[in-house]
Amino acid sequence: MPNTARWAATLTLAATAVCGPLGGSALATPAPALAPAGLYAPSALVLTTGHGQSADAATPERAVTLNCAPTASGTHPAAVQACAELRGVGGDFDALSVRDGVLCTKQFDPVVVTVAGVWQGKRVTYERTFANECVKNSYGTTVFTF
């Protein structure tokens with residue numbers, strides 16, 4: 001067999017071995033992409049508190065982190081309970097209700113709470129001014145108590 005014929009046969013076999021799996025229906029229907037099983041929508045927040053009428057006028061006196069996905073963690077003193085409360089209201093901080101039986105004075109010493117971060121994959125910013133520390137701590141059970 002001449003050299004030219006050998007080279008042609010070798011190239012044909014190599015091309016069939018390399019390109020063979022690409023022909024036919026493999027080109028028409030690509031395999032579906034599988035999402036990794038470990039992905040989750042992130043929920044990571046930074047909560048701050050300080051005395052003042054607004055976040056612009058108040059110096060943060062305390063800050064905590066709260067991560068709720070995949071598990072509750074962070075520097076918040078009651079992360080598990082705070083995450084459960086937020087899940088219960090769908091991450092709506094305004095929906096947190098006042099605890100029953102809490103009596104606060106009418107002293108006006110404003111406390112502002114800010115929240116920034118991500119809740120179930122969506123950016124969140126929140127600011128609320130409470131009349132005093134007691135009123136702040138009466139909302140929800142643990143989210144603003146830090």
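The values are calculated or read from the model by the stated rules, or taken from the named source; none is laboratory data. Bear in mind the structure is a predicted one, so any value in this text is a computation, not a measurement. Every residue, glycine as well, gets a Cβ built from its backbone with ideal geometry; the counts of neighbours run over all protein chains shown. Quick note on the areas: whole protein, heavy atoms, side chains included, nothing else; ligands and nucleic acids left out. Shrake-Rupley method; radii C 1.70, N 1.55, O 1.52, S 1.80 Å.
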* Leaving out ligands, DNA and RNA but keeping every protein chain, what accessible area does Cys104 have, in Å² rounded to the nearest 10, with a 1.4 Å probe? -> 50 Å²
* **Gained length - Cys134 relative to Ala44, 0.36 nm times residue gap less alpha-carbon distance** => 29.8 nm
* Structure fact -> The summed charge of the Ser54 Cβ neighbourhood (under 14 Å; Lys/Arg +1, Asp/Glu -1) stands at -1
* Hey, quick one: spin label on Thr59, modelled 7 Å out along Cα-Cβ, who in segment 97-131 has an amide N within reach, i.e. under 12 Å? -> none
* To do: Note down the nm distance, to one decimal, between modelled labels 7 Å out along Cα→Cβ at Thr125 and at Val98.
  => 2.9 nm
